[in-house]
Ligand SMILES: Cc1cc2nc3c(=O)[nH]c(=O)nc-3n(C[C@H](O)[C@H](O)[C@H](O)COP(=O)(O)OP(=O)(O)OC[C@H]3O[C@@H](n4cnc5c(N)ncnc54)[C@H](O)[C@@H]3O)c2cc1C
């Protein structure tokens, strides 16, 4: 390889592959000396086809790629997501829930609002007191108005979408507008440089019909098969099964009973005796799935829990057969080896709680674009930083997901110790064991999280900690602090009173976008 980076091959045409290829092409492609980008996908292995909940970062990613939000909403069966609602996670009682909204608490970072919440409003959910989001979601409102420009928000939001349609749209855009070369073929072998400075680097991928496809940098987006980082380079998967037990899901798409059924503007995550169920409302159907640990529940039990949930939430009786997806919860010990970077399921998967997988894809793709090593000589240093950063990020995702389970007071189902085992500190990550006692005395704060662009910031920890019923000790606070916090609560209440009547219904905004579009 001549030292300058000229050609990039992305292996895999799932959401990860197309997002990475499109972003790389948008930032570094182009006819005048830009990178050549080729995406190879096999017609024998379809993309996984789940992964329909996102984070607000997706707005920025789509904008960077050059997509129109109107077209995205129209083509990908999109609805808006303002956060997640957790039903039955604390004690498992009917009607019990809390929100983890995307909007920050009013006044977040300026003052400690917890003493004032405990002193004056402890009977109300934390999220309801510090943010208007739960009221906006409960009222079925959209996060923006019809006149709000594309990608701009009134209340912070992300998306739910149809993963298959999303892949198609990205593919079309990447090929037609960004110049990505598309090869539909199966990669049978990985060919390495045998000598010279780059001995051991990947030289080319051997395809069945298109021969050798060479490049300077290879992005492994081959999904759970992990063809390059896992199979070729043999980088082990660091299992997190002892911390987060879930390793399977039964996924199903279900129609609405009526086409004008209410459209929730959040992902609903409902705990059951041995796992939890996701419910993502798209305009024309729901995506629903039971997540479980095969060590604690059989497939039949998960199936029964899913069907009971669908009955309870009014799904029509004709439902199809759920698809079983198995995965090993964990992540690779390294993500970037030599001239190969793994992004997406190829570098790991924990479980879909809090929808962090696509967010990690976006973060990885953005990081790759921002720090793209333009020569092979500069690649190893970039790789070391990338590996260090993303190991840190995966570990923080694990801490945060475990928090949802560690604090649950749910009783175990007969014959199971699913929730009790989650509560056992021996199954907690070390950092969580250290931080939870500190948070008995003060709220989670910025300095608990070392990096500027943390995957889950202190605000997310506050929403989940207090939503899960965790109560810090009531320590005395200065009158000025209590008054400042009360002013924040008043502001959150004012915002809720203003936003609920001012924002359109969620479904009616989606209908409006389909008919008239958003302003650009
Ligand atoms: C049950 C479940 C629920 C999830 N829910 C969410 C969620 O709500 N939010 C979220 O952010 N994420 C979620 N995820 C994760 C999300 O689905 C993935 O992160 C996302 O779809 C990206 O997948 P991928 O592109 O890495 O892999 P895939 O979609 O599996 O794509 C792999 C690609 O590699 C290609 N390939 C493989 N081997 C070869 C070969 N030899 N030759 C050529 N091509 C090859 C295949 O053809 C395919 O195109 C969920 C995952 C699961 C399992």
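The values are calculated or read from the model by the stated rules, or taken from the named source; none is laboratory data. Here the structure is a predicted model, which means the values were calculated and not measured. A quick note on method: Cβ atoms are made from the backbone with ideal geometry, for glycine too, and the neighbour counts reach across all protein chains shown.
The table for this structure:
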| read-out | value |
| --- | --- |
| Qualifying residue in region 106-114 (condition: on the phi < 0 side of the Ramachandran plot and modelled with pLDDT of 95 or more) | yes |
| Index of the failed condition, residue 224 passing every other in (1) surrounded by 20 or more Cβ atoms within 10 Å (Cβ to Cβ); (2) within 15 Å of the ligand (Cβ to nearest atom) | (1) |
| Residue identified as over 22 Å from the mean Cα position of the chain (by Cα) and closer than 30 Å to residue 205 by Cβ among 259, 236 | 236 |
| Options 354, 301: the member that is within 16 Å of the ligand (Cβ to nearest atom), in contact with a strand residue (DSSP E or B) (Cβ under 8 Å, 6 or more places away or on another chain) and farther than 18 Å from residue 14 by Cβ | 354 |
| Residues that are surrounded by fewer than 20 Cβ atoms within 10 Å (Cβ to Cβ) and either outside any loop (DSSP other than H, G, I, E, B) or within 15 Å of the ligand (Cβ to nearest atom) (or both), drawn from region 57-67 | 57, 60, 63, 64 |
| Exclusive hit being more than 14 Å from the ligand (Cβ to nearest atom), without any contact (Cβ under 8 Å) to a residue 40 or more places away in the chain and not in a strand (DSSP E or B), set 396, 367, 410 | 367 |
| Considering residues of region 373-409 that are surrounded by fewer than 19 Cβ atoms within 10 Å (Cβ to Cβ) and touching a strand residue (DSSP E or B) at 6+ places or on another chain (Cβ under 7 Å) only, the residue farthest from residue 471 (Cα to Cα) | 375 |
| Boolean, residue 327 is within 14 Å of the ligand (Cβ to nearest atom), under 28 Å from residue 364 (Cβ atoms), in contact with a helix residue (DSSP H, G or I) (Cβ under 6 Å, 6 or more places away or on another chain) and at pLDDT 95 or above | no |
| Failed item in (1) surrounded by 14 or more Cβ atoms within 10 Å (Cβ to Cβ); (2) closer than 30 Å to residue 73 by Cα; (3) free of Cβ contacts under 8 Å to residues at least 24 places away in the same chain, with residue 182 passing the rest | (3) |
| Scope region 426-439; condition touching a residue at least 12 places away in the same chain (Cβ under 8 Å) and either assigned to a helix (DSSP H, G or I) or out of contact with any helix residue (DSSP H, G or I) (no Cβ under 7 Å at 6 or more places or on another chain) (or both); matching residues | 427, 431, 432, 435, 436, 439 |
| Test: residue in region 435-445 that is within 30 Å of residue 72 (Cβ to Cβ) and surrounded by fewer than 18 Cβ atoms within 10 Å (Cβ to Cβ) | no |
| Members of region 187-209 that are closer than 14 Å to residue 38 by Cα and touching a residue at least 40 places away in the same chain (Cβ under 8 Å) | 187, 205, 207 |
| Where residue 459 falls short, out of the listed (1) touching a helix residue (DSSP H, G or I) at 6+ places or on another chain (Cβ under 8 Å); (2) buried (at least 17 other Cβ atoms within 10 Å of the Cβ) | (1) |
| Which numbered condition residue 38 misses (of (1) part of a helix (DSSP H, G or I); (2) under 20 Å from residue 372 (Cα atoms); (3) touching a strand residue (DSSP E or B) at 6+ places or on another chain (Cβ under 9 Å)) | (1) |
| Filtered residue count, region 413-425, keeping only those that are part of a helix (DSSP H, G or I) and surrounded by fewer than 20 Cβ atoms within 10 Å (Cβ to Cβ) | 4 |
| Test: residue 337 is touching a helix residue (DSSP H, G or I) at 6+ places or on another chain (Cβ under 7 Å), surrounded by 21 or more Cβ atoms within 10 Å (Cβ to Cβ) and over 26 Å from residue 226 (Cβ atoms) | no |
| Residue 167 being near the ligand (Cβ under 10 Å from one of its atoms) and closer than 30 Å to residue 512 by Cβ | yes |
| Evaluation of residue 76 against (1) within 15 Å of the ligand (Cβ to nearest atom); (2) surrounded by fewer than 19 Cβ atoms within 10 Å (Cβ to Cβ) (one fails), failing number | (2) |
| Helices (runs of 4 or more DSSP H) contained entirely in region 113-182, each with at least 2 residues that are farther than 20 Å from residue 101 by Cα | 114-120, 163-176 |
| Criterion: over 21 Å from residue 421 (Cβ atoms) and within 13 Å of the ligand (Cβ to nearest atom) - qualifying residue of 275, 320, 289, 314 | 289 |
| Residue ID - farthest from residue 210 (Cα to Cα), chosen from residues in region 3-22 that are in a loop (DSSP other than H, G, I, E, B) and away from the ligand (no atom under 16 Å from the Cβ) | 3 |
| Any hit, region 131-143, residues being more than 16 Å from residue 462 (Cα to Cα), surrounded by fewer than 19 Cβ atoms within 10 Å (Cβ to Cβ) and in contact with a strand residue (DSSP E or B) (Cβ under 7 Å, 6 or more places away or on another chain) | yes |
| Criterion: out of contact with any helix residue (DSSP H, G or I) (no Cβ under 7 Å at 6 or more places or on another chain), in contact (Cβ under 8 Å) with a residue 12 or more places away in the chain and surrounded by fewer than 21 Cβ atoms within 10 Å (Cβ to Cβ) - qualifying residue of 104, 35, 118 | 118 |
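Per-residue answers, yes or no, for (1) closer than 23 Å to residue 224 by Cβ; (2) within 15 Å of the ligand (Cβ to nearest atom); (3) assigned to a helix (DSSP H, G or I); (4) in contact with a helix residue (DSSP H, G or I) (Cβ under 9 Å, 6 or more places away or on another chain):
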| position | (1), (2), (3), (4) |
| --- | --- |
| 24 | yes, yes, yes, yes |
| 48 | yes, yes, no, yes |
| 51 | yes, yes, no, yes |
| 70 | no, no, yes, yes |
| 85 | no, yes, no, yes |
